[in-house]
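The values are calculated or read from the model by the stated rules, or taken from the named source; none is laboratory data. No experiment lies behind these values; they were computed from the predicted model shown. Cβ placement follows ideal geometry from the backbone for every residue including glycine, while neighbour counts extend to all protein chains displayed.
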């Protein structure tokens with residue numbers, strides 16, 4: 001991408017974006033996420049006070065606890081896909097019982113995020129125990145069993161036909177925001193399960209599923225080596241990149257990336273201390289990216305409720321309302337903590353809304 005430094009100004013504006021707005025309202029109109037050509041548009045009234053919407057191209061929001069996934073009631077069921085394009089699929093798993101089979105995904109890499117519940121992914125590399133806040137990465141064709149503990153379970157599932165990799169933030173070195181040694185890598189283990197007459201491996205390929213039955217347990221492994229392996233790490237291991245004077249764009253918080261999308265982690269951090277600078281994100285309408293967010297945790301009573309799942313198509317204006325901004329600024333103090341935690345999936349190509357998601361968000 002070639003950066004253009006040819007900028008023009010007309011009318012009323014602030015010289016330093018995001019700082020000293022006063023009565024002005026600033027809208028961020030940008031290409032290629034927050035990295036491409038940009039226009040900052042200034043108004044004296046809030047641009048996102050929606051009266052009504054006619055049509056289906058709109059922001060959609062649900063409580064993820066309302067998602068009905070077949071794996072919630074049927075151990076042989078699967079996660080519920082909500083949004084997809086050729087680069088990525090995003091869904092919710094509500095699995096309550098262990099997979100009675102071994103599973104192998106040939107449609108691509110899998111990234112789970114544990115919102116609620118604990119359990120184990122029993123893989124051929126070894127067991128990966130998880131808890132809320134954990135990312136669990138399973139490379140394409142990894143054989144595993146998802147075995148949740150009793151109780152409520154809710155995991156975000158991201159599936160990518162292209163390899164998923166950790167984002168590199170070259171300006172801050174190899175140990176920030178994630179030190180690679182914070183990854184938990186499994187070791188082979190004897191699962192101690194009773195012997196079976198045959199072992200079912202359910203294979204997902206081309207959008208369909210096939211079961212192959214083996215004489216020996218494919219999860220029975222005594223060792224492994226190489227640079228292709230599953231792992232997990234918790235959001236608490238992320239050291240956020242922060243600024244004391246200006247709100248950083250979400251691209252600063254990228255955690256995973258693949259061809260066509262990026263996974264962003266929003267983690268607690270010290271808020272911008274300069275009271276002349278805007279702490280809340282600008283009103284923005286990313287022209288080239290769809291945005292999906294799962295709200296994970298928030299100990300601020302006035303913040304977003306955990307479990308909220310939102311989808312904002314590219315070009316749809318969004319940002320905190322005028323009422324929310326006024327309430328926030330009234331209580332804002334230097335050194336405040338930004339306490340909200342969430343996971344975002346930003347895609348470069350438009351996402352298709354599944355029938356299930358469309359029904360949940362129909363008016």
Taking residue 97 as meeting all but one of (1) outside the structural domain of residue 291 (by TED's automatic domain parsing); (2) surrounded by fewer than 15 Cβ atoms within 10 Å (Cβ to Cβ), write down the number of the exception. (2)
I'm trying to understand the selection: among the residues of the range 40-67, which are surrounded by fewer than 12 Cβ atoms within 10 Å (Cβ to Cβ) and under 19 Å from residue 94 (Cβ atoms)? 66
Members of the range 170-202 found to be surrounded by 12 or more Cβ atoms within 10 Å (Cβ to Cβ) and within 25 Å of the chain's Cα centre (by Cα), listed by number: 172, 176, 177, 178, 179, 182, 183, 184, 185, 186
Can you work out which of the residues in the range 146-171 that are within 20 Å of residue 185 (Cβ to Cβ) and assigned to a loop (DSSP other than H, G, I, E, B) is modelled with the lowest pLDDT? 168
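Residues checked against (1) free of Cβ contacts under 8 Å to residues at least 40 places away in the same chain; (2) outside any loop (DSSP other than H, G, I, E, B):
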| residue | (1), (2) |
| --- | --- |
| 33 | no, no |
| 52 | yes, no |
| 76 | yes, no |
| 91 | no, yes |
| 127 | no, yes |
| 135 | no, yes |
| 141 | yes, no |
| 144 | no, yes |
Looking at the range 143-172, which of its residues are touching a strand residue (DSSP E or B) at 6+ places or on another chain (Cβ under 7 Å) and more than 14 Å from residue 119 (Cα to Cα)? 143, 156, 157, 158, 159, 160, 162, 163, 164, 165, 166, 167
Filter the range 198-219 down to the residues that are touching a strand residue (DSSP E or B) at 6+ places or on another chain (Cβ under 9 Å) and not in a strand (DSSP E or B), then identify the one that is nearest to residue 125 (Cα to Cα). 219
Just a yes or no: is a residue in the range 283-303 out of contact with any helix residue (DSSP H, G or I) (no Cβ under 7 Å at 6 or more places or on another chain), assigned to a loop (DSSP other than H, G, I, E, B) and within 19 Å of residue 24 (Cα to Cα)? yes
Have a look at 267, 262 and point out the one that is surrounded by 18 or more Cβ atoms within 10 Å (Cβ to Cβ), closer than 24 Å to residue 354 by Cβ and in the same structural domain as residue 350 (by TED's automatic domain parsing). 262
Out of all the residues in the range 57-74, which are in contact with a strand residue (DSSP E or B) (Cβ under 8 Å, 6 or more places away or on another chain) and assigned to a loop (DSSP other than H, G, I, E, B)? 59, 67, 68, 69
Could you please let me know if residue 85 is under 16 Å from residue 319 (Cα atoms) and touching a residue at least 60 places away in the same chain (Cβ under 8 Å)? no
Can you give me the number of residues within the range 305-317 that are outside any loop (DSSP other than H, G, I, E, B) and surrounded by fewer than 16 Cβ atoms within 10 Å (Cβ to Cβ)? 0
The residue from 317, 294, 280 that alone is in contact (Cβ under 8 Å) with a residue 12 or more places away in the chain and within 21 Å of residue 54 (Cα to Cα) is 317
